[in-house]
Structure formats: C-alpha cells, structure tokens
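Colleague: Shown below is the structure under consideration.
The values are calculated or read from the model by the stated rules, or taken from the named source; none is laboratory data. Only a predicted model underlies this, so the values are computations on that prediction, with no experimental measurement involved. Glycine gets a Cβ as well: all are built from the backbone with ideal geometry, and neighbour counts include every protein chain shown. Side chains included, ligands, DNA and RNA excluded: accessible areas come from the protein's heavy atoms. Shrake-Rupley method; radii C 1.70, N 1.55, O 1.52, S 1.80 Å.
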Amino acid sequence: MKSLRNFLDKIKPNFEPGGKLQAFQSVFEGFETFLFVPNTTSKSGVHIHDSNDSKRTMSMVVLALVPALLFGMYNVGYQHYLAIGQLSTGFWNIFVFGLLAVLPQLIISYGVGLGIEFIVAQWRKHEIQEGFLVTGILIPLIIPVDTPLWMIAVATAFSVIFAKEVFGGTGMNIFNVALITRVFLFFSYPSKMSGDSIWVRLGDTFGLGKGTSVDAYTGATPLGQIATAAESTIQPTDIVGNTLSLWDMFLGLIPGSVGETSTLAILLGAAVLLITRVASWKIMFSVFVGGFCMGTVFNLIGTTAAMNTPAIEHLLLGGFAFGAVFMATDPVTGARTETGKYIYGFLVGVFGIMIRVINPGFPEGVMLAILLMNVFAPLIDYYVVQANINRRLKRAKVKNN
C-alpha cells in the first residue's frame with residue numbers, strides 16, 4: 001500500500017490546478033479518497049470530528065447488500081435451470097449463470113451513474129460524492145434480470161440527473177434515486193417490468209444454460225399469482241407448480257427481482273446495518289409492524305386472494321423486506337426525528353400493503369409507498385418538532401406562573 005501511496009503522490013500534481021490533467025481533478029480525488037482516508041483537517045470554525053464519514057457509511061451499506069446480491073445471482077441461475085429441468089447441473093454452474101446474467105447490469109448501472117457524477121463534479125468543481133456507491137448496486141437488485149441494458153442506462157441517467165443532481169447532489173435529493181430508476185422503468189416500459197415472462201431468464205447467458213422450458217413452467221411470481229387469482233384464497237406455487245411454504249418464501253428460491261426474494265439474505269444485511277449503526281432500527285421495525293397490521297386488517301375483512309393472504313406472507317413476499325431494510329432507511333429521504341421515524345416507517349408498511357392489495361396493477365406496492373412517504377417525511381418531522389416546542393412552551397408558562 002505504501003508503494004501505491006507514493007505513486008499517487010507522484011502523479012497528483014498533474015491533476016491539480018495548472019497541471020496538464022487538471023480537467024480530471026475530481027476523478028483523481030474521488031479515486032484517491034476511495035483508497036486512502038484523507039489526512040487533511042479543518043483549521044477554523046466549529047467542527048465535530050468523527051471517524052464515521054460518508055465513504056465508511058456507504059461502504060457499510062454496500063457490504064450489507066452483498067448477501068442479497070450473491071443470493072440473487074444464485075437464484076437467477078436456480079430459476080433458469082429449474083425452468084429447463086436441469087437443476088442437477090450443480091451449484092457452480094447455477095451461480096455462474098446468475099453471475100454472468102447480473103454482472104452486465106451492475107456494470108451499466110455504475111458506468112452510467114458514476115460517469116454522470118464525475119462529469120457534474122468536474123463541471124461544478126466539487127468533490128465526487130459517494131452516494132452512488134449504494135445506488136449503483138441497488139438498481140440491479142430491484143429490477144427483473146431480463147431488463148434490457150439500454151433501458152437500465154436510460155433510467156439510471158434520468159434518475160441521477162433529475163432526481164439527484166438538479167436538487168444539488170448527494171444529500172440534497174428528496175426521493176430515493178434507485179426507486180426513481182425503477183419507477184421510470186415501470187411507467188415507461190411496463191411490459192418489461194411486469195407480467196409473467198420477465199422474472200426468469202429462459203435463454204442462455206453467454207452460451208451457458210441452453211435448453212427449453214418444461215411443460216409445467218410458469219413465470220408468475222407469488223405476488224403475481226395472488227393479484228390475478230379468481231378465487232378468494234390461493235396458495236402460491238413456484239415456477240413448476242410446487243406449493244410454496246413459509247420457509248420457501250423466507251429462503252427466497254422464488255421468481256422476483258434479483259435482490260428482493262430472500263428475506264434471510266436481507267436480514268443478514270439488516271444485521272450489518274444495525275450493528276454498525278448505519279441504519280435506523282426504528283424505521284425497519286415500524287415498516288414491518290405497519291405492514292403486519294395492515295395485512296391483519298385485510299385478513300379480517302378479506303374478500304379477495306390478496307386480502308386473505310396471511311400478513312406474515314405479505315412481509316416475506318416481493319420487495320417488502322428489501323424496501324424496509326435498504327430503501328425506507330435512506331437517511332436522506334426518510335424522517336430524521338426519532339419519533340418521526342416510527343411514524344414514517346409505520347405508514348410505509350401500511351401503504352405498501354394497501355397499494356399491493358387494493359390495486360392489482362401494482363402487486364408490489366412498497367416502491368410507491370416509500371416514494372409517497374419520501375414526500376411526507378419533512379412534514380412528519382415538522383409536526384414532531386412543533387409538538388416538542390409546544391410542550392416546552394407549556395412547561396415554561398407553568399414555571400413563570
């Protein structure tokens with residue numbers, strides 16, 4: 001590492017003002033500070049010094065996403081080989097298939113998003129922010145595996161420019177950037193983001209996994225089956241007709257967005273976020289409580305399959321757990337007051353299940369619920385602060401009397 005440090009120090013003057021590569025100063029600084037902690041300190045004003053900077057925070061979130069990413073890659077291969085009746089091919093063939101399917105999406109997401117951030121940072125003569133380190137990995141995890149790469153590029157560019165940079169960049173956006181990417185795709189290219197044919201890759205990946213689907217194959221997700229069921233109750237099945245148990249739903253070997261199917265992998269990531277104190281347990285807990293309460297209410301008055309789906313299954317299926325752990329807890333777009341976090345999270349859970357159950361056109365629901373509450377998060381914080389002020393004013397009046 002010392003030799004790398006010496007090399008960077010040697011070429012650094014070329015990127016400083018007046019150097020022949022000064023146009024890439026922001027790119028160099030972003031790369032340097034990614035590798036090494038800056039040794040500069042503040043010399044004036046009042047500052048709070050803490051080892052927990054934004055790079056460390058973003059790195060912890062990326063680390064927490066690794067279990068969902070790795071499981072998602074395996075599940076992509078698992079669903080493919082299950083669909084063509086070749087599940088006995090072995091663990092590594094299954095995993096490599098999923099890796100090769102998801103990796104191009106990761107590359108496009110990071111390439112487009114970071115490219116725009118580099119350009120904007122250089123244009124504004126600002127340092128490159130770290131926010132897209134998380135957004136770049138979130139985007140491939142919340143979309144179907146067969147989403148065309150050019151669509152991912154267009155949607156990523158749209159979200160970074162219009163949901164982030166126009167508001168001032170990292171820390172200034174009012175909507176979750178990754179969710180805006182998914183919303184853009186959902187409403188611009190609905191045929192590629194909904195239906196029964198997008199969640200399982202039937203074709204080969206770079207020549208790997210050639211075959212044809214078995215006769216019993218259906219690509220519907222459990223939530224899709226529930227949303228379109230004609231009966232008042234239904235037990236979801238996997239893509240070849242086997243009934244799913246709660247353990248199956250919890251483990252996540254079911255069709256869905258790449259990183260959203262395994263509640264187990266997501267909870268492993270949640271443990272990382274909570275142990276490192278990067279995310280708020282109050283929001284996570286409240287989202288699950290709100291979702292369970294709303295699911296229970298629908299169970300009591302149920303007339304459709306979606307209403308009669310057990311509340312615990314609602315929490316395990318779709319992107320509910322992923323949204324609760326990685327999306328709702330976004331410190332920029334969520335509530336910031338301690339009481340507000342409970343309210344914000346609870347309403348995310350309530351509206352997520354409500355949208356999912358009442359409108360079959362949106363069988364997921366959590367995505368729209370989080371974006372809706374992103375809008376109301378500042379209002380929630382405002383009223384929480386005002387309530388605290390009013391209580392203190394009452395105490396002050398009592399003491400004066």
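Colleague: Condition (residue is within 20 Å of the chain's Cα centre (by Cα) and modelled with pLDDT of 95 or more) applied to region 166-173: is it met by at least one residue?
Modeller: No: zero hits.
Colleague: Moving on. Could you list, in sequence order, the residues of region 295-317 that are open to solvent by 30 Å² or more (accessible area, probe 1.4 Å), in contact (Cβ under 8 Å) with a residue 12 or more places away in the chain and over 18 Å from residue 246 (Cβ atoms)?
Modeller: 303, 304, 307
Colleague: Taking region 337-354 on its own, how many of its residues are open to solvent by 40 Å² or more (accessible area, probe 1.4 Å) and within 19 Å of the chain's Cα centre (by Cα)?
Modeller: Number satisfying all stated conditions: 3.
Colleague: On the basis of being open to solvent by 30 Å² or more (accessible area, probe 1.4 Å) and either part of a loop (DSSP other than H, G, I, E, B) or small (Gly, Ala, Ser) (or both), does residue 77 make the cut?
Modeller: Here the answer is no, as residue 77 does not meet what is asked.
Colleague: Scanning for something part of a helix (DSSP H, G or I) and among the hydrophobic types (A, V, I, L, M, F, W, C), does region 229-245 turn up at least one residue?
Modeller: No: region 229-245 contains no residue that is part of a helix (DSSP H, G or I) and among the hydrophobic types (A, V, I, L, M, F, W, C).
Results for (1) farther than 15 Å from residue 79 by Cα; (2) touching a Ser or Thr at 6+ places or on another chain (Cβ under 9 Å), shown as yes or no for each residue.
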{"residue": "201", "(1), (2)": "no, no"}
{"residue": "214", "(1), (2)": "no, no"}
{"residue": "219", "(1), (2)": "no, yes"}
{"residue": "224", "(1), (2)": "yes, yes"}
{"residue": "232", "(1), (2)": "yes, yes"}
{"residue": "237", "(1), (2)": "no, yes"}
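Per-residue answers, yes or no, for (1) under 23 Å from residue 343 (Cα atoms); (2) in contact with a Lys or Arg (Cβ under 8 Å, 6 or more places away or on another chain); (3) β-branched (Val, Ile, Thr); (4) not in a helix (DSSP H, G or I):
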| residue | (1), (2), (3), (4) |
| --- | --- |
| 258 | no, no, yes, yes |
| 271 | yes, no, no, no |
| 279 | yes, no, no, yes |
| 283 | yes, yes, yes, no |
| 318 | yes, yes, no, yes |
| 321 | yes, no, no, no |
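Colleague: Can you say whether residue 362 is modelled with pLDDT of 95 or more, at negative phi and hydrophobic (A, V, I, L, M, F, W, C), as far as the supplied structure shows?
Modeller: So residue 362 does not fit the description; no.
Colleague: Let me ask another. Quick one: residue 108 ticks every box in (1) surrounded by 15 or more Cβ atoms within 10 Å (Cβ to Cβ); (2) modelled with pLDDT of 95 or more; (3) closer than 25 Å to residue 320 by Cα bar one, so which box is it?
Modeller: Result: residue 108 passes all but (3).
Results for (1) more than 21 Å from residue 145 (Cβ to Cβ); (2) open to solvent by 40 Å² or more (accessible area, probe 1.4 Å); (3) among the basic types (Lys, Arg); (4) in contact with a Phe, Trp or Tyr (Cβ under 8 Å, 6 or more places away or on another chain), shown as yes or no for each residue.
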{"site": "215", "(1), (2), (3), (4)": "yes, yes, no, no"}
{"site": "223", "(1), (2), (3), (4)": "no, no, no, no"}
{"site": "233", "(1), (2), (3), (4)": "yes, yes, no, no"}
{"site": "239", "(1), (2), (3), (4)": "no, no, no, yes"}
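Colleague: Still on this model: Take the conditions touching a His at 6+ places or on another chain (Cβ under 8 Å), open to solvent by less than 40 Å² (accessible area, probe 1.4 Å) and not aromatic (Phe, Trp, Tyr) and apply them to residue 370. Does it pass?
Modeller: Answer is no for this residue.
Colleague: Return yes when residue 362 is in contact (Cβ under 8 Å) with a residue 12 or more places away in the chain and within 21 Å of residue 224 (Cα to Cα) and no when it is not.
Modeller: No.
This table checks each residue for (1) crowded, with 22+ Cβ neighbours inside 10 Å; (2) under 24 Å from residue 57 (Cβ atoms).
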position: 73; (1), (2): yes, no
position: 83; (1), (2): yes, no
position: 91; (1), (2): no, no
position: 104; (1), (2): no, no
position: 115; (1), (2): no, yes
position: 139; (1), (2): yes, yes
position: 166; (1), (2): no, yes
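Colleague: Here is a follow-up. Look through 285, 320 and report the one residue that is open to solvent by 40 Å² or more (accessible area, probe 1.4 Å) and at pLDDT 95 or above.
Modeller: Only one candidate passes the filter, namely 285.
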